[in-house]
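See structure below.
Every number in this text was worked out from the coordinates using simple rules, so none of it is lab data. Note that the structure is predicted; figures quoted are calculated from it, not measured. Cβ: placed from backbone, ideal geometry, glycine included. Neighbour counts: every protein chain shown.
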Amino acid sequence: MIKENGKGLLIVISGPSGTGKGTICKRLLDEISNIKLSISMTSRKPRGQEINGVDYYFVTKDEFENRINNNEFLEYAIVYSGQYYGTPKSKIEEDLNNGTSVILEIDIQGALKVKEIVKDAIFIFIMPPSMKILKERLMNRKTESEEKVMERFKTAYKELNEFKKYNYVVVNDILDEAVDKVKSIILSERCRVDRIEDIYLDTPEEEIHEELMEKNFNNSNVEI
Ligand code: 5GP
């Protein structure tokens, strides 16, 4: 009955390091159909258990810069410690055109670039419940030096001021609730009227209903 425009949604999720946006994104993949997480490319070194091609595509700075020159990124930015992070664009267009929604878990600089290019993308900002809790979460990861943790913490202060540039804000205090909220946003966005191209009747039975409806309307008009 309803013909959607057939395009997937581009969903941009940002928030300070340590807000748990990575965990939320992974849960969304399990709980929502027809959705993918874009794998970013970075020049930073793998951390902890990270796997090339799963968590990121890890490349050297030189390779990253070659790819910038070849116009291979939808967006890219220097995020932490002078390292590049970017969204390869080739696969995204294909997925969106095939009706698959794509999540970009990227920083604010990248999100603002996407906002200029993809007008109908959806922007969700994940907030920590407090700065104290954010600092504890960053310290507990134990995957970075104290200096790097402090860099991320300072950046978090700046990033929190940017939330008004997003469409939605979700506080990640209780993980299950935060996941439910982000999930509801995505499912609701999929139902937006501007994503519906047409409403049509596809069975003879529906056409009969339509005839009956018309008759009823005509009759009620006469009565009035
Ligand atoms: P991490 O080093 O902790 O994996 O990520 C650091 C930051 O880089 C996070 O805020 C993350 O959202 C951001 N990031 C990851 N991938 C991309 C990307 O492709 N583009 C941009 N602009 N930021 C990214």
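Listed values, structure above:
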{"quantity": "HN-Hα J in Hz across the stretch 172-177 - Karplus 6.51, -1.76, 1.60, θ = phi - 60°, x for Gly and Pro", "calculated": "9, 9, 9, 3, 4, 5"}
{"quantity": "Using alpha-carbon coordinates, inclination of helix 108-117 to the longest axis of the chain, degrees", "calculated": "40 degrees"}
{"quantity": "Degrees between helix 21-31 axis and first principal axis of the chain (Cα, 0 to 90, nearest 10)", "calculated": "40 degrees"}
{"quantity": "Sequence-distant residues sharing a close amide H with VAL169 (under 5 Å, placed H)", "calculated": "PHE125"}
{"quantity": "Relative packing of 104-115, 14-25, 187-198, which averages over residues the other C-beta atoms within 10 Å, highest first", "calculated": "14-25, 104-115, 187-198"}
{"quantity": "Expected 222 nm ellipticity per residue - DSSP helices of 4 or more, -39500 (n - 2.57), all of the chain, to 500", "calculated": "-14000 deg cm²/dmol"}
{"quantity": "Rounded Å value of the spacing that divides the Cα centres of the stretch 1-53 and the stretch 114-183", "calculated": "14 Å"}
{"quantity": "Restraint check, LYS7/LYS135; LYS113/LYS183; LYS135/LYS164; LYS91/LYS164; LYS26/LYS61, Cα-Cα greater than 31 Å", "calculated": "LYS7/LYS135"}
{"quantity": "Under 5 Å, built H, 5+ apart or other chain: amide partners of VAL79", "calculated": "TYR85"}
{"quantity": "Overall Cα dimensions of the stretch 97-203 - principal axes, largest extent first, Å", "calculated": "64, 31, 24"}
{"quantity": "Distance (nanometres) between label positions extended 7 Å along Cα→Cβ at THR143 and ASN34", "calculated": "3.2 nm"}
{"quantity": "Karplus-derived 3J(HN,Hα), 6.51/-1.76/1.60, for each residue of the stretch 33-46, Hz, glycine and proline x", "calculated": "7, 6, 9, 9, 9, 6, 8, 7, 10, 9, 9, 7, 7, x"}
{"quantity": "The stretch 2-121: radius of gyration and largest Cα-Cα distance (Dmax), Å", "calculated": "14.4, 49"}
{"quantity": "Size descriptor, Kirkwood hydrodynamic radius, that averages inverse alpha-carbon separations across the stretch 154-224, Å", "calculated": "17.3 Å"}
{"quantity": "Amide H within-cut-off set for VAL102, under 5 Å, with H built and near neighbours excluded", "calculated": "LEU9, LEU10, ILE11, LYS36"}
{"quantity": "Space enclosed by the convex hull of the alpha-carbon atoms of the chain, per residue, Å³", "calculated": "169 Å³"}
{"quantity": "Förster-model FRET efficiency, 35 Å R0, GLU116 and VAL54, C-beta, rounded to 0.05", "calculated": "0.75"}
{"quantity": "19 Å Cα-Cα reach of LYS132 towards lysines, excluding residues that sit fewer than 8 places from it in its own chain", "calculated": "LYS21, LYS142, LYS148, LYS154, LYS158"}
{"quantity": "Degrees, to the nearest 10: 131-141 long Cα axis against longest axis of the chain", "calculated": "70 degrees"}
{"quantity": "Karplus (6.51, -1.76, 1.60) ³J(HN,Hα), θ = phi - 60°, over the stretch 81-93, in Hz, Gly and Pro reported as x", "calculated": "6, x, 9, 7, 9, x, 9, x, 8, 4, 6, 4, 4"}
